[in-house]
Amino acid sequence: MQTLRNLPALPRVILTVLLLPALSPAWGATQETPVLESTSTEARAGYYQLKWSLEDEAGVDRFILQEADSSDFASPEVFYEGADRATVISGRRDGTAHYRVRAVFEDGHRSPWSPPLEVKVHHHSTVQAFGLFFIGGIVFFATAGMIAAGSRAQRRADPEG
């Protein structure tokens with residue numbers, strides 16, 4: 001019986017090159033890139049939801065979501081790491097945040113990063129917020145006043161009731 005060591009040098013090199021990918025731990029693993037989406041590209045209320053997915057999620061152990069201040073991800077922070085496929089982000093100040101996500105598979109290899117996603121946070125002005133609060137107060141007190149007046153009118157119309 002002939003073994004690999006008994007083969008001449010050239011066929012041995014060719015066979016090694018052909019078999020090496022099959023011995024790699026990532027053989028057959030997908031190199032698919034996750035898809036990252038946001039419910040809003042401009043968040044006026046300061047909160048938004050990020051969702052991510054991978055077409056073939058077989059063997060996915062977890063996802064890593066990074067957030068950065070700059071689009072080049074020079075100093076990213078891990079915002080989330082786990083098995084969930086979405087997260088709600090709130091409490092952000094005015095500015096732009098950049099996100100990307102990747103999958104980590106059970107065998108340890110990782111997918112490429114998703115294309116970066118940019119979300120701009122631009123809150124409503126303070127004047128607008130207090131204006132809406134004031135209008136809401138007027139509507140509340142007008143409604144309460146109408147209910148009270150209707151109740152009094154009902155009691156006057158039906159004194160025994």
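Per-structure values
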item: Listed residues Tyr80, Leu65, Thr96: farthest to the positive end of the dipole of segment 22-155 (Cβ charges); result: Thr96
item: Local electrostatic count at Ser75 - Lys and Arg +1, Asp and Glu -1, tallied over other residues with Cβ under 15 Å; result: -3
item: Placed amide H near Arg62: partners under 5 Å, 5+ positions off or other chain; result: Val104
item: Charge sum, other residues only, whose C-beta stays under 15 Å from Ala148's C-beta, Lys/Arg counted +1 and Asp/Glu -1; result: +3
item: Contour minus Cα-Cα distance for Asp158 and Leu132 (0.36 nm per residue); result: 5.5 nm
item: Calculated FRET value between Arg62 and Val139, using beta carbons and R₀ = 45 Å, to 0.05; result: 0.45
item: Binned Cα-Cα distance frequencies in segment 29-161 - 5 Å width, integer %; result: 2, 9, 14, 14, 11, 8, 7, 6, 5, 5, 5, 4, 3, 3, 2, 1, 0
item: FRET efficiency estimate (nearest 0.05) - Cβ-Cβ, Asp107 to Arg85, R0 25 angstrom; result: 0.75
item: Cut-off 15 Å between beta-carbons: net charge of the residues surrounding Glu118, Lys and Arg +1, Asp and Glu -1; result: -3
item: Per-pair calculated FRET efficiency, R0 = 22 Å: Asp69 and His124 via Cβ, rounded to 0.05; result: 0.45
item: Simple Cβ-charge dipole of segment 44-85, Lys/Arg +1 and Asp/Glu -1, about Cα centre, in debye nearest 20; result: 260 debye
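Each reported figure results from applying straightforward, stated rules to the coordinates on display, with no laboratory input. Just so it is clear, the model here is predicted, and its values are computed rather than measured. Reconstructed Cβ throughout: ideal geometry from the backbone, glycine too, with neighbour counts over all protein chains shown.
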